[in-house]
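Since the structure comes first, as structure tokens, the remarks are kept for the end.
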Protein chains: 2
Amino acid sequence: MNDLSSLRCIVLGAGGFVGTNLCRSLVGQVDTLRAFGRRQSFPEALSHKDIDWIPGDFSDSSALASAVSGCDTVYHLITSTTPASSNVDKLYDLQANVASTLHLLDICKDQNVRRVIFVSSGGTVYGIPNQIPTPENSPLNPICAYGISKLAIEKYLALYEHLYGLEYRILRVSNPFGPFQTAIRSQGVISAFIHKVLNNRPIEVWGDGSIVRDYIYIDDVVDALKSASLHNGSERIFNIGSGSGKSLTEIIDAISHLRSIDTPTRYLDARASDVPTSILDISLAKEALSWQPKSNFLDGLNKTVAWQEHDFNV
Amino acid sequence: MNDLSSLRCIVLGAGGFVGTNLCRSLVGQVDTLRAFGRRQSFPEALSHKDIDWIPGDFSDSSALASAVSGCDTVYHLITSTTPASSNVDKLYDLQANVASTLHLLDICKDQNVRRVIFVSSGGTVYGIPNQIPTPENSPLNPICAYGISKLAIEKYLALYEHLYGLEYRILRVSNPFGPFQTAIRSQGVISAFIHKVLNNRPIEVWGDGSIVRDYIYIDDVVDALKSASLHNGSERIFNIGSGSGKSLTEIIDAISHLRSIDTPTRYLDARASDVPTSILDISLAKEALSWQPKSNFLDGLNKTVAWQEHDFNV
């Protein structure tokens with residue numbers, strides 16, 4: 001299989017940030033495109049006639065089974081928690097993410113799905129990294145329950161391939177940003193910061209602004225997801241990021257500079273779930289997926305600001 | 001803290017094989033000894049007046065909270081599944097082991113428990129090892145849900161120490177054998193094989209008998225558990241095994257030879273949950289815990305056979 005056109009796809013979590021962008025990119029390129037999720041953050045964005053929107057809750061196994069039926073490729077983008085919220089209720093995090101994914105994998109096995117592509121978390125599975133940029137074979141010591149859940153799901157995916165031949169690919173995505181990322185629900189600092197700047201409200205930062213993350217423009221993540229659906233090599237887990245890092249302070253400065261708006265910043269207590277620095281080594285994905293991030297950071301940031309200015313107001 | 005005498009201990013899973021042996025060894029050496037479990041396989045074995053038996057189910061949080069109250073040291077030996085059964089119902093395995101342990105860790109945090117000592121699985125967390133003997137820092141790719149659950153619990157233990165200062169030590173124990181291991185409930189091949197030999201019934205082997213495991217006599221496991229309660233170094237995870245391997249065929253031959261009984265063997269299909277070879281590298285435990293296995297394999301086997309002959313008939 002070397003092109004997307006024969007794929008019968010379902011995107012789980014299609015109403016969210018990554019899912020919306022993925023669906024908009026896949027539509028017209030694949031044989032079938034189902035979009036499954038609890039709600040659409042931007043219904044207009046998924047209104048294309050070839051996107052089959054199926055409303056449903058990830059924890060509802062029968063809805064899920066019906067949605068997956070007939071598909072060969074499953075993009076699993078659902079996350080029911082955030083790193084910070086996961087530490088507050090670890091049991092909910094386990095149930096909503098891991099237990100529900102076990103139901104999904106049984107459904108995929110029973111329905112002879114060919115491949116599951118899972119978005120894991122490049123920013124949390126490694127914990128406090130002992131090597132930066134961090135390659136895939138680094139120690140895995142999450143400091144939030146969210147990272148532990150993602151890891152457990154990774155291991156179950158490997159188990160289902162071992163036991164039943166259900167193929168999988170895992171993308172450990174860093175911090176994606178871009179259009180359709182909302183400023184609410186703690187989805188991403190860039191969209192939240194842009195929202196504050198555009199609305200002349202003070203930015204609130206956890207910690208002193210020195211936290212460094214690997215930000216990647218959403219189009220590059222979508223490219224990686226598409227490559228992962230066609231990949232034929234023996235590798236299973238790929239870091240997907242820009243390969244370089246920026247501090248929160250740099251992000252704030254860049255946004256302010258783009259629109260010449262000087263925004264006051266308030267510094268709050270650091271959070272226990274935040275690692276100081278996260279930058280991914282993306283060599284493996286470049287080589288094995290023939291993928292690389294194409295977007296320049298400032299171009300991506302500019303498009304994201306423009307999208308919030310013109311297309312969307314929270 | 002360098003001796004056991006001040007410890008206020010609770011053994012979770014005290015009615016089982018490892019728990020029974022641990023309680024019998026700890027009694028008289030520690031300040032307080034509570035024994036928690038659903039049932040006692042051998043009530044006589046735990047009848048000492050200084051063993052406070054508390055019947056309860058691990059999934060019953062309030063019973064657990066009441067049992068843990070006032071203890072500083074928690075030995076977590078509970079496993080509700082086996083490697084083979086875990087693959088049949090992965091969701092049950094997750095709920096019974098991981099979710100229940102999250103409840104336990106919240107209880108330990110709330111009650112200011114000093115340390116949790118957890119028995120993990122040296123035979124399953126590594127999956128099919130790429131290095132034999134296998135050291136602790138090897139890749140972790142379980143081929144059974146049981147191993148994934150153990151791994152997830154290991155990660156949660158690290159998280160609770162990071163977030164709340166709850167200390168932990170993890171023993172990745174290989175295949176323990178000895179008195180109080182029952183021949184039923186798939187607890188261990190050695191006790192099962194001994195039972196067949198002593199009762200002149202054919203032995204059933206999954207696969208062709210070539211599967212190699214690292215068998216360790218229970219007294220050596222108990223020693224390691226006691227060392228782990230006092231350990232002050234920075235290490236957290238220790239392989240506990242004999243450091244060498246024996247095939248199923250060798251085990252059968254050794255038992256038959258001990259009692260000069262020739263036992264017919266039936267070979268069944270291999271199980272997907274079984275790795276071909278598992279032998280642990282125990283260098284770290286030797287160095288950091290000042291521990292080493294003291295029992296000679298044949299001596300341990302002889303004691304186990306004698307125990308089944310004289311003290312116990314299933």
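Just so it is clear, none of the values below were taken in a lab; they were calculated from the coordinates. Just so we're clear, the structure is a prediction, and the values are computed from it rather than from any experiment. Note: ideal-geometry Cβ built from the backbone for every residue, glycine included; neighbour counts use all protein chains shown.
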*In the stretch A:141-195, what residues are small (Gly, Ala, Ser) and within 13 Å of another protein chain (Cβ to nearest Cβ)?*
A:Ala145, A:Gly147, A:Ser149, A:Ala152, A:Ala158, A:Gly165
*Could you list all residues from the stretch B:58-95 that are exposed (fewer than 15 other Cβ atoms within 10 Å of the Cβ), more than 14 Å from every other protein chain (Cβ to nearest Cβ) and of a type outside the set (Ser, Thr, Tyr)?*
B:Asp60, B:Gly70
*asked:* Given (1) surrounded by fewer than 16 Cβ atoms within 10 Å (Cβ to Cβ); (2) under 28 Å from B:Gly147 (Cβ atoms), identify the lone condition not met by B:Ile261.
replied: (2)
*If we scan the stretch B:240-258, do we find a residue that is farther than 26 Å from B:Ser85 by Cα and among the basic types (Lys, Arg)?*
no
*Keeping to the stretch B:1-20, report how many residues are surrounded by fewer than 22 Cβ atoms within 10 Å (Cβ to Cβ) and within 17 Å of the chain's Cα centre (by Cα).*
0
*Which one of these is in contact with a helix residue (DSSP H, G or I) (Cβ under 9 Å, 6 or more places away or on another chain) and without any contact (Cβ under 8 Å) to a residue 40 or more places away in the chain: A:Asp253, A:Asp262, A:Asp223?*
A:Asp262
*Give the residue that is surrounded by the fewest Cβ atoms within 10 Å (Cβ to Cβ), with candidates limited to residues of the stretch A:267-292 that are within 16 Å of A:Ser121 (Cβ to Cβ) and of a type in the set (D, E, K, R).*
A:Arg271
_Yes or no: the stretch B:172-182 includes at least one residue that is part of a loop (DSSP other than H, G, I, E, B) and among the aromatic types (Phe, Trp, Tyr)._
yes
*Mind listing whichever residues of the stretch B:126-140 are at the interface with another protein chain (Cβ under 10 Å from one of its Cβ atoms) and either touching a residue at least 24 places away in the same chain (Cβ under 8 Å) or over 19 Å from the mean Cα position of the chain (by Cα) (or both)?*
B:Gly127, B:Ile128, B:Asn137, B:Pro139
*Among the residues of the stretch B:11-35 satisfying the criterion of being in contact with an Asp or Glu (Cβ under 9 Å, 6 or more places away or on another chain) and part of a strand (DSSP E or B), which is nearest to B:Val119 (Cα to Cα)?*
B:Ala35
